[in-house]
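Heads up, the thing below is written out as structure tokens.
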Amino acid sequence: MMIFRNYFILFLIALLFLSCSKKEVKKSIINEVNLESQMIEAYKNGLKELEAGDALYAAKKFNEAEILFPQSEYAPKSALMAAYAYYTQNYYGDAIAELTRFLRVYPNHEDIVYAEYLLGLCYYEQIVDEKKDLNSIIKAKKTFKTLIFKYPNTEFATDASFKINLIDETLAAKEMYIGRYYLDKKKWISAINRFRTVVDDYQSTIYVEEAIHRLVEIYYTIGVESEAKKYANLLGYNYQSSEWYEKSFSVFNKNYKKKIIKDNEKENNSILEKFKSLFS
């Protein structure tokens, strides 16, 4: 009788536990439904705010949607839309933070290519003055090159390739700007290094012809005619119809040599006059 009573008590406990468990599961399901419903509502509100032009509030709603129900298919979409909302208002730092997190948390999402492309755009749009800041340029180029390598047959890769060409033009322009400065100051080695960077690293840019000519000019001026001829031949072989080829050709003209001598004499005389004036 005692054994029967014990079994009966255990049966009642099990029945009570099963009943509670069912209630908990039912409650959990209801909560999930409510959360997903709230999330979808927050996502829709985000879209409405974005269309209305309030991108910052839209980003807030998208973030809210992701947090409400992170296991939903709307969660990664919400994270990506938050980044896009920040991007539209030029809040590039916030957009970059969102996109970096998206790439880490959702590495296999179907929109991963777009996320990497948008990340590259965020860096690209911050390129203001290549003479002062290279950070954004370098990061944009690196991001676009990664995208092209991983997803070569996409429309995003095509546009990324186009933007890399524009970035190279910008970088070449910076090298030319500094090279011309050194050339004016007659700092030959520093100028040579800048112009050679353009020739070696940015061959497809509009600056390569001038860079080769400047090398011809400098090497001839400092008396290294073998190098001057080498670069003149390079210019003639690849860009024979270029105005810079004609200028390089004139470097080897005798009259050009006389002009260099006269310019050097003028500079020496000017220095001598300044020196004499100190004692007059």
Item to check | Prolate/oblate/rounded label for the range 31-110 (Cα gyration tensor, a/c 1.5) | outcome: oblate
Checklist entry - Residues with beta-carbon under 15 Å from that of residue 52, excluding residue 52: net charge, scoring Lys, Arg +1 and Asp, Glu -1? => result +1
Next on the checklist: Need the C-alpha centroid separation for the range 200-232 versus the range 79-122, integer Å.
Outcome noted: 43
Item to check | Two-site label geometry, residue 154 and residue 229: point separation in nm, points 7 Å out along Cα→Cβ | outcome: 5.3
Checklist entry - Of 179, 127, 96, which is farthest on the positive side of the dipole of the range 48-195, counting Cα position, with +1 on Lys and Arg Cβ, -1 on Asp and Glu Cβ, and the Cα centre as origin? => result 179
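Taken together, the values in this text are just the output of simple stated rules run on the coordinates, not laboratory data. Source: prediction; values computed, not measured. Cβ atoms come from the backbone with ideal geometry, glycine included; neighbour counts cover every protein chain shown.
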